[in-house]
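Since the structure comes first, as structure tokens, the remarks are kept for the end.
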Amino acid sequence: MPKAYNSVFHEEIEIHMELRKEELGNEAYRHYKRTVKLFDDYLYQIGLKKKEISEFIVEEWIKEVSKGISINTVSQHVHYIRQLLLYLASCGYRCFIPKTVITRDTYIPYLYSDEELENIFMLADSLKAPHAVKNVYIENEMPMLLRLLLCCGLRVGEALNIKVGDIDFQRNLIILRVTKKYKQRLVPYNEKLADIIYRYCGAMGILTDSRAYLFPTIDKDIPLTSNTVRNYFKEILMSAGIRNDRLKKYERGACLHCFRHTFAVRSFDKNERNGIQACDSIPFLSTYLGHDSLYETEKYLKYSADYFADTIIRFEAFAGDLFPEVTFDE
């Protein structure tokens with residue numbers, strides 16, 4: 001059986017990884033292990049013989065691993081390797097410890113309040129679009145789509161590509177086949193939403209048509225486009241008095257994708273209030289959202305202190321040892 005690690009530090013890394021496996025959740029450990037494996041492979045490839053890691057080696061590895069990935073992902077890799085190098089240094093080996101890569105968020109997500117959501121759904125339920133030639137079902141589709149985005153945290157494109165055959169009405173599951181980075185996943189939903197989806201499909205006449213899109217145009221074999229949905233949602237936001245013309249630096253403003261952010265924050269908050277620890281809930285939330293890493297989920301849980309102020313403190317306490325430092329411009 002081949003060894004998991006092959007560099008000159010393979011024994012120390014194996015011991016370190018056993019310790020980390022006990023400390024981290026399954027999802028966090030998986031991503032940590034991937035980074036360590038990349039570093040171990042690099043040490044093996046350059047033929048490192050002496051148990052000493054110089055600044056040059058670390059900097060060259062960072063250059064190598066940074067190719068074709070975002071600064072946030074680079075920051076995550078560096079943060080993980082710092083943990084390994086600190087461990088090796090504690091074992092008596094001379095190791096250069098790189099500084100944490102400081103990243104800056106490109107936007108601050110907007111979170112919908114209870115009052116805003118109530119107003120949005122009231123306006124969606126009463127939407128009138130008499131001149132919608134191609135999108136003749138839009139008055140029925142918008143209320144259903146917005147509820148699906150909020151209750152399941154789906155990306156807009158994921159929701160629009162759902163077909164009736166992708167819905168398991170018996171087990172209350174949606175199979176997402178068209179997703180970001182082509183990673184299919186199962187999305188469970190609650191009984192209340194199940195009843196709404198079932199009645200919606202019946203009213204649309206697509207309940208038994210497995211090939212029909214859940215949100216079709218006049219041709220049930222062609223789904224609504226994201227642009228169409230965004231345009232109607234802009235009208236709803238305007239009617240609700242939710243404006244995006246006075247945004248601060250890095251603020252994204254209210255949009256369809258912010259239902260996903262709102263779902264993530266509310267899910268974390270609900271779990272915390274029900275006594276489910278962050279180390280247990282965050283990996284499952286990350287998987288549910290279809291994220292590649294816990295770092296992606298961490299970005300979703302950054303929000304204004306006006307919402308769930310006590311919850312963000314608890315999340316930061318959990319995330320402190322997992323995620324690199326992030327700073328914001330004033």
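The values are calculated or read from the model by the stated rules, or taken from the named source; none is laboratory data. Fair warning: this is a prediction, and the values are worked out from it, not measured in the lab. Using ideal geometry, Cβ is built from the backbone for each residue, glycine included, and neighbour counts are taken over all protein chains shown.
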Just wondering, is there one or more residues in region 12-19 that are under 30 Å from Leu285 (Cα atoms), within 24 Å of the chain's Cα centre (by Cα) and either outside any loop (DSSP other than H, G, I, E, B) or at pLDDT 95 or above (or both)? no
I'm told Pro98 meets every condition in (1) closer than 26 Å to Thr262 by Cα; (2) surrounded by fewer than 17 Cβ atoms within 10 Å (Cβ to Cβ) except one. Can you identify the failing condition by its number? (1)
Would you pick out the residues in region 22-40 that are surrounded by 15 or more Cβ atoms within 10 Å (Cβ to Cβ) and either in a helix (DSSP H, G or I) or among the acidic types (Asp, Glu) (or both)? Glu27, Ala28, Tyr29, His31, Tyr32, Lys33, Thr35, Val36, Lys37, Leu38, Phe39, Asp40
By residue number, the members of region 214-234 that are outside any loop (DSSP other than H, G, I, E, B) and touching a Leu at 6+ places or on another chain (Cβ under 8 Å) are Pro216, Pro223, Ser226, Val229, Arg230, Tyr232, Phe233
Of all the helices (runs of 4 or more DSSP H) wholly in region 119-204, which have at least 1 residues that are at pLDDT below 95, among the β-branched types (Val, Ile, Thr) and surrounded by 14 or more Cβ atoms within 10 Å (Cβ to Cβ)? 156-160
Out of (1) over 14 Å from the mean Cα position of the chain (by Cα); (2) modelled with pLDDT of 80 or more, what's the single condition that is false for Ala305? (2)
